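Have a look at the structure below before the remarks.
The values are calculated or read from the model by the stated rules, or taken from the named source; none is laboratory data. Quantities reported herein were computed from a predicted structural model and do not represent experimental measurements. Here the Cβ positions follow ideal geometry from the backbone for every residue, glycine too, while neighbour counts run over all protein chains shown. With ligands, DNA and RNA removed, areas are computed over all heavy atoms of the protein, side chains included. Shrake-Rupley method; radii C 1.70, N 1.55, O 1.52, S 1.80 Å.
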Amino acid sequence: MDDVYLSGIGGYVPADRTTVTEAVADGRYERAWNAKDRLDAVAVETLLSPAEMAVRAGRQALSRSGHRPQDVSLLLHATAYRQGPEGWAAASYVERYAVGAGAPALEIQQGCNGGLFALGLARNHLGQHADTAVLLTCADRFDGDFDRWRTNKGMVFGDGAAAVVMSRGRGTARVLGVATRADSELEQMHRGEGSLASATLRRKPLDAAPAKKAFLRITPPAEVQRRFEAQVVAAVECALSEAGTKLDGIAQVLVSNLGHEMLTRVFLQPLGLPVERTAWQWGRRIGHLANSDQFLALEHQVRTGVLHEGDLVLMVGMGVGFVWTAAVLEITELPLWTH
């Protein structure tokens with residue numbers, strides 16, 4: 001199916017920033033980690049919930065797409081962290097206030113790969129519902145008992161949201177290929193050694209370090225790296241093959257906003273890419289926004305004129321589980337909102 005497009009792209013990134021210099025000075029962020037991460041600042045939201053940020057991004061994407069709310073036949077909301085009250089359907093809230101047409105709304109929780117995985121789901125949905133549109137939203141806010149600076153070494157978490165409207169016919173970017181690969185034997189890296197039953201009964205601040213350390217005691221780091229590299233390369237090669245292109249034909253590679261060392265290890269080195277082919281210089285000023293990174297980078301690169309008509313874009317993500325998704329897009333027309 002070669003006529004599915006991103007017909008609208010939207011985003012919400014709060015204006016407030018906390019600089020790395022500030023965080024190091026007051027002890028929130030390790031100076032040694034900063035030397036490896038090479039980050040500048042993170043976006044911090046102080047008022048809106050993740051779902052409210054998603055509504056703003058979704059409304060913008062819908063207005064830019066040229067579609068009416070009643071055209072939306074499905075909403076997919078990708079999340080990595082808490083969205084609101086326990087047992088509450090955040091995706092339905094986003095549909096109610098961003099669309100309001102009563103479309104089915106589903107939340108996808110696959111760590112930081114849910115947004116790109118949802119892109120593939122939306123594409124498949126449009127194969128059966130050709131005259132409709134899908135709204136895909138991503139949003140997270142990392143505050144409260146979540147330590148955005150220390151929870152996961154190699155990344156610092158920022159707040160924000162992104163959204164895309166997908167439909168058939170025409171749009172800003174045509175979807176040429178999507179591929180997902182998984183290695184579920186790595187799921188223990190975020191599970192740890194404790195009882196799963198007892199873990200459901202107590203709510204503790206998220207800290208990825210103990211589970212990772214326990215996992216690496218039984219699995220050599222070199223083996224983990226080998227498996228990471230194999231899966232990201234396989235996903236990218238499959239998406240490129242479907243798109244009928246090679247990596248050297250790609251104008252920009254949009255990946256997660258990670259620290260420089262981790263970015264190199266999980267994306268750049270396996271794919272043989274220089275950092276200059278990514279949007280990292282922009283992303284290092286807002287932090288890792290989980291599922292929103294690649295879509296916000298796409299919106300930024302289109303809006304600022306980095307990408308042009310005819311350019312091919314590769315988006316690559318990785319999420320806990322572990323799951324990797326790669327998507328190849330062709331910029332087909334520069335939308336009016338870039339002028």
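Details
- Residue list for the stretch 307-325, restricted to those being in contact (Cβ under 8 Å) with a residue 60 or more places away in the chain and among the small types (Gly, Ala, Ser): GLY317, GLY319, GLY321
- The residue that is surrounded by the most Cβ atoms within 10 Å (Cβ to Cβ), counting only those in the stretch 78-100 that are within 17 Å of the chain's Cα centre (by Cα) and assigned to a loop (DSSP other than H, G, I, E, B), is ALA80.
- The test for being basic (Lys, Arg) and part of a loop (DSSP other than H, G, I, E, B) does not hold for ARG59.
- For first residues located in the stretch 101-128 and at positive phi and assigned to a loop (DSSP other than H, G, I, E, B), partners that are among the charged types (D, E, K, R) and at pLDDT 95 or above and lie 6+ apart or on another chain with Cβ distances below 9 Å form the pairs GLY102/GLU95; GLY102/ARG96.
- The stretch 277-320, subset open to solvent by 20 Å² or more (accessible area, probe 1.4 Å) and among the charged types (D, E, K, R), residue farthest from GLN110 (Cα to Cα): GLU309
- Count of residues meeting criterion [under 24 Å from TYR29 (Cα atoms) and open to solvent by 10 Å² or more (accessible area, probe 1.4 Å)] in the stretch 127-145: 4
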